[in-house]
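Please read the structure below before turning to the comments.
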Amino acid sequence: MEESLIPPDQEPVEICLLAGKIMLQSGAETYRVEDTMTRLAASLGLPGSQSYVTPTGIVFQSGEMQWAKLIRIVERTTDLEKVAAVNNVSRQLGNGTLSPEAAYQQLVRIDTSRHAYPLPLQIVAAAVASGCFTFMFGGVGKDLLPGILCGGLGFAAFLWLHRLVRVKFFAEFTASLMIGIVAYLLVQTQLGTTLDKIIIGSVMPLVPGLLITNAVRDLMAGHLVSGLSRGAEAFLTAFAIGAGIAVVFTVL
């Protein structure tokens, strides 16, 4: 077993901060992050700990006479497998079946691992889902293939642009713009029938469903700052998607 590189007196604090960081970066709700950190702190002998979590940072204090520590969260994604893995470590630590050293090492492995599916598989899944949404929203059988093509191309463009330019709004706007243009061309060439149904189904993989859900749950749990900030982020995403499609209808 590898030795921990952090001082023994700081190890419980680092375990709580690392667990909270992984969960917040992976799409967990604010109240769930705070609850997990509180449970971990209690299991590690820090019953008087306090934590303050926002979508962009975590402040944790192990006791009234201790210094508070801050972690800045820059990137956020959706990886519920990591959230479940951290919760599993928290339960094992609380049950006494896992030592603090082993828990820290497991959290490091979870943080550095890549649980997300390969990009080609994500694009294929988005394309298939877009075709199904197109049919579900009232498209005819002839719209199924255009929905698959537009959804796959739009999601691939979003992934590529988000890596190229670290501005999510620009990536979402451009991807929705591409979806609208390709859908319009397919309908004009008689490969599709209902333009609106194809576009609606194709943009569904870009819709921030988890973000909206977490915003509502944070608001219901009393985390007003986190709920409003997540809601604003979801609004910007929806605005980017709508603006891209609106440009297509305005110009074409």
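So which GluC sites (Glu not before Pro) in region 69-112 are both in a DSSP loop and have at most 15 other Cβ atoms within 10 Å of their Cβ? Write down the numbers at each step before the final one.
Working: sites: 75, 81, 101; in loops: 75.
Those satisfying the criteria are 75.
How big is the chain by the Kirkwood estimate over distinct Cα pairs, in Å?
Mean inverse Cα-Cα distance, inverted, gives 20.1 Å.
Taking θ = phi - 60°, what integer Hz values does the Karplus form 6.51 cos²θ - 1.76 cosθ + 1.60 yield along region 179-192, in sequence order, with x for Gly and Pro?
Result, ordered by residue: 4, x, 5, 5, 4, 4, 5, 5, 5, 5, 8, 6, 7, x Hz.
Keeping every protein chain in place, order 216, 86 by accessible area at 1.4 Å, biggest value first, i.e. largest first.
Descending accessible area places them as 216, 86.
Just the accessible area per residue of the chain, please: how many Å² with a 1.4 Å probe?
On a per-residue basis, 54 Å².
Please check: in the Gaussian network model of the chain (C-alpha springs, under 10 Å), which one of 97, 193, 56 has the largest mean-square fluctuation.
Maximum among the listed residues: 97.
To the nearest 10 degrees, how steeply does helix 144-164 sit against the main Cα axis of the chain, on a 0 to 90 scale?
Around 50 degrees separate the two axes.
Taking H placed 1.01 Å from N in the peptide plane, check which residues at least 5 places from residue 54 or on another chain put their amide H under 5 Å from its amide H.
59
Once you have the Cα-Cα distance between residue 216 and residue 145, take 0.36 nm times their residue separation minus that, and quote the gain in nm to one decimal.
22.1 nm
Given axes a ≥ b ≥ c from the Cα gyration tensor, I'd like to know whether region 155-252 is rounded (a/c under 1.5), prolate (a/b larger than b/c) or oblate.
It comes out prolate by the Cα gyration axes.
Which value at 222 nm does the chain reach when only helices count, each DSSP H run of 4 or more adding -39,500 (n - 2.57), with the total divided by all residues and rounded to the nearest 500 deg cm²/dmol? Kindly include the intermediate steps, with their values, before the conclusion.
Working: 10 runs with 167 residues, N = 252.
Calculated at 222 nm, the ellipticity per residue is -22000 deg cm²/dmol.
When the chain is fully extended, how far beyond the present Cα-Cα distance does residue 59 get from residue 95, taking 0.36 nm per residue of separation? If you can, show how the numbers build up before the last one.
Working: separation 36, 0.36 × 36 = 12.96 nm, distance 2.59 nm.
So the chain would gain 10.4 nm between residue 59 and residue 95.
Over the chain, what relative contact order in percent results from Cα pairs under 8 Å that are six or more residues apart? Spell out each step's value before the answer.
Numbers: 386 pairs, mean separation 43.3, N = 252.
Reported relative contact order: 17 percent.
Between region 226-252 and region 185-219, what is the separation of their alpha carbon centroids in Å?
With region 226-252 and region 185-219 each reduced to a Cα centre, they are spaced 12 Å.
The values are calculated or read from the model by the stated rules, or taken from the named source; none is laboratory data. Quick caveat: nothing in here was measured; it's all calculated off a predicted structure. Methodologically, a virtual Cβ is constructed for each residue, glycine included, from the backbone with ideal geometry; neighbour enumeration extends over all protein chains shown. The accessibility values were calculated without ligands, DNA or RNA, using every heavy atom of the protein model including side chains. Shrake-Rupley method; radii C 1.70, N 1.55, O 1.52, S 1.80 Å.
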